Amino acid sequence: MADLLEKDVTRGGQFLVKETKCEDVFTPEDFTEEQIMMRDMVKEFIDKEIWPNKNRFENRDFAFTEECMKKAGELGLLGVAVPQEYGGLGMGFVSTMLVCDYISGATGSFSTAFGAHTGIGTMPITLYGTEEQKQKYVPKLASGEWFGAYCLTEPGAGSDANSGKTKAVLSDDGSHYKITGQKMWISNAGFCQLFIVFARIEDDKNITGFIVENDPSNGISMNEEEHKLGIRASSTRQVFFNETKVPVENMLSVRGNGFKIAMNALNVGRVKLAGACLDAQRRVTSGAIKYANERIQFDTPIANFGAIRAKIAEMATSCYAGESATYRAAKSIEDRIQARVAEGSSHQEAELKGVEEFAIECSILKVAVSEDIQNCSDEGIQILGGMGFSEDTPMESAWRDARIARIYEGTNEINRMLSVGMLIKKAMKGHVDLIGPATKVGEELMGIPDFDMPDYSELFAEEKNIIKNLKKVFLMVAGAAVQKYGPELDSHQQLLMAAADILIEIYMAESVVLRAEKVAKSKGEDQAKEQIAMAKLYLYQAVDIVNSKGKEGIASFAEGDEQRMMMMGLRRFTKYQNFPNVVELREVIASKLISEGYYSY
């Protein structure tokens, strides 16, 4: 069975050095009947309970957020990822992603409450808790009888999560710990019954996790609700612990393991956050299309104007790419989990290791999709013009809600650097062979270019070759940077950021091309012409980004002949033989969407 893990299930980061066939990726077109039923049930709940009441969320109706969470609990939606033995539905990773996707699109307030509770509020117990802890707490959390919150961030500990000052002091009789400290930006604090709290015992190098019941008489107090740019009805408070007594049996995992718990919880949170941004993009895009069809200027709907059609095509393309990459990664994680279970691992161990394996992809998706929803909602406002800036339409709230996605679960800057750093560490451990492919790229740069014209008659033949070459750009830039700086590479953050943008575009572009190819093979190219157009449009723009970031990275550390050689390689690796007609691609995409009146993929 160990062979299964190594041979049949792709490892995290291997997309960079391994050719992936479209048949081997999971796409939204592959949802099972059960998953489609679950999706439709979630959409019905959101369209009935959440979307018509957006004004209540925008008016900071925290009680209504709690009420909606209770209704979600009654439907079983808070327990989709919880094993059945603890009162949950025990669904696979793709299904849990699907629920997170479609439950999150109407308002960021409810999305944040749902994500904080089901993710960082519940998951640390299901994945790290003892059997007694799971039996005691998880069924209440899965049903919505109790709600959870997660206390990690402090005034002096944000991105540097392990630097928290909150202390846990063991009592003289050894029966409990006394926790003292201040936590901030705590989602769900206003209505939760349980906190996951991270504190330091004595002078330990790493923090420790604790399960703390929310009892104000036990030294727990809070500030008033924070006034925020967006997610206005998401309860967000500072929480103070003053010698709060926590039984020793409520330590989560073992002493000093809190930082690892926090990081693994963030890995799951990152990929789920990408999922949580998808339906928001669909709704924003659909709202913009509807308005463009109805708004008459110069005696014609503005949907007939090329400038508007270009925006709609771009919005839909980024959404389609986000879906493609997010569900590809979700299935990769699910396959890894299943392989570990088949090997004999427990649910806890399998899920922890399965998600940890794809931490690189989790960071990539968190960055890419959170930035796409921000851009999408910004263009949505632009299409609506003055109405987009008004609180009478849902566009401005979508834009405000989207802004937090680039900050929480680790800022996008942190995640960019993490994605490259984790990949290099995997290479050093021998989990991903970067050295061999990077050496070949170096040899190719020194060799004579092949001037033969390849056969690009098959669908996506040139696009796949370009993606292969974009991978060479990353290997060229990152390989040379590692050689030059070695362990000091971490201190060259702007170089890491440029390399990360290249890595992100490779994964996203490859995912969208593979999805479109799979659809075309299934339905025929004529029936998939819009999907093909979106894949080509996304890749064209990805090539521009890789070219720009490649030049920035190379110029930052290479000089003279080395720089000239690498710049020549960059031009070679980002070269099209047949430039796509971008205006025509956008027109193909926009025509279909405008005629159907909504985002229909």
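The values are calculated or read from the model by the stated rules, or taken from the named source; none is laboratory data. What you see is a predicted model, and the numbers here were worked out from it, not measured in a lab. Using ideal geometry, Cβ is built from the backbone for each residue, glycine included, and neighbour counts are taken over all protein chains shown. Protein only, heavy atoms only, side chains kept; ligands, DNA and RNA dropped before computing areas. Shrake-Rupley method; radii C 1.70, N 1.55, O 1.52, S 1.80 Å.
Data overview
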| item | result |
| --- | --- |
| Total residues in segment 336-364, condition within 18 Å of the chain's Cα centre (by Cα), open to solvent by 10 Å² or more (accessible area, probe 1.4 Å) and acidic (Asp, Glu) | 3 |
| From Asn465, Asn469, residue being under 23 Å from Gly13 (Cβ atoms), in contact with a Pro (Cβ under 8 Å, 6 or more places away or on another chain) and assigned to a helix (DSSP H, G or I) | Asn465 |
| Residue in segment 403-424 that is surrounded by the most Cβ atoms within 10 Å (Cβ to Cβ), counting only those that are within 15 Å of Glu361 (Cβ to Cβ) and over 13 Å from the mean Cα position of the chain (by Cα) | Val420 |
| Lys54 part of a helix (DSSP H, G or I), open to solvent by 40 Å² or more (accessible area, probe 1.4 Å) and either within 21 Å of Asp372 (Cβ to Cβ) or at pLDDT 95 or above (or both) | no |
| Close pairs (6 angstrom Cβ cut-off, 6 or more residues apart or separate chains): closer than 18 Å to Arg282 by Cβ in segment 43-64, aromatic (Phe, Trp, Tyr) and assigned to a helix (DSSP H, G or I) anywhere | Lys43/Tyr102; Ile50/Phe110 |
| Failed condition for Ile207, given (1) more than 26 Å from Ile407 (Cβ to Cβ); (2) surrounded by 16 or more Cβ atoms within 10 Å (Cβ to Cβ); (3) aliphatic (A, V, I, L, M) | (1) |
| Subset tally (residues that are more than 33 Å from the chain's Cα centre (by Cα) and either outside any loop (DSSP other than H, G, I, E, B) or aromatic (Phe, Trp, Tyr) (or both)) for segment 443-462 | 6 |
| Matching entry among Glu323, Glu343, Glu334, Glu314 (being at pLDDT below 95 and in contact with a helix residue (DSSP H, G or I) (Cβ under 8 Å, 6 or more places away or on another chain)) | Glu343 |
| Residue in segment 210-217 that is out of contact with any helix residue (DSSP H, G or I) (no Cβ under 6 Å at 6 or more places or on another chain) and over 18 Å from Phe147 (Cα atoms) present | yes |
| Restricting segment 572-582 to residues that are in a helix (DSSP H, G or I) and touching a residue at least 60 places away in the same chain (Cβ under 8 Å), the residue that is farthest from the chain's Cα centre (by Cα) | Arg572 |
| Residue count, segment 358-417 (criterion: farther than 24 Å from Ser187 by Cα and outside any helix (DSSP H, G or I)) | 5 |
| Qualifying strands (runs of 3 or more DSSP E) (wholly inside segment 79-193; at least 3 residues being surrounded by 24 or more Cβ atoms within 10 Å (Cβ to Cβ)) | 148-151, 176-187 |
| Test: residue in segment 255-278 that is without any contact (Cβ under 8 Å) to a residue 40 or more places away in the chain and assigned to a loop (DSSP other than H, G, I, E, B) | no |
| Pair list, Cβ under 7 Å, 6 or more apart: segment 553-571 residue over 19 Å from Ile466 (Cβ atoms) and of a type outside the set (A, V, I, L, M, F, W, C), other residue modelled with pLDDT of 95 or more and loosely packed, with under 15 Cβ neighbours inside 10 Å | Ser556/Gln494; Gln563/Ala555 |
| Residue that is farthest from Ala276 (Cα to Cα), among those in segment 382-402 that are at pLDDT 95 or above and open to solvent by 80 Å² or more (accessible area, probe 1.4 Å) | Met387 |
| Filter result for Ala316 (of a type in the set (Gly, Ala, Ser), open to solvent by 10 Å² or more (accessible area, probe 1.4 Å) and in contact (Cβ under 8 Å) with a residue 40 or more places away in the chain) | no |
| Complete set of residues in segment 8-31 that are open to solvent by 70 Å² or more (accessible area, probe 1.4 Å) and more than 28 Å from Val420 (Cβ to Cβ) | Glu23, Glu29 |
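Matching residues to (1) at pLDDT below 95; (2) open to solvent by 20 Å² or more (accessible area, probe 1.4 Å); (3) under 30 Å from Gly287 (Cα atoms):
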{"residue": "Leu539", "(1), (2), (3)": "no, no, yes"}
{"residue": "Asn547", "(1), (2), (3)": "no, yes, no"}
{"residue": "Glu552", "(1), (2), (3)": "no, yes, no"}
{"residue": "Met567", "(1), (2), (3)": "no, yes, no"}
{"residue": "Pro580", "(1), (2), (3)": "no, yes, yes"}
{"residue": "Val588", "(1), (2), (3)": "no, yes, yes"}
{"residue": "Glu596", "(1), (2), (3)": "no, yes, yes"}
{"residue": "Tyr601", "(1), (2), (3)": "yes, yes, yes"}
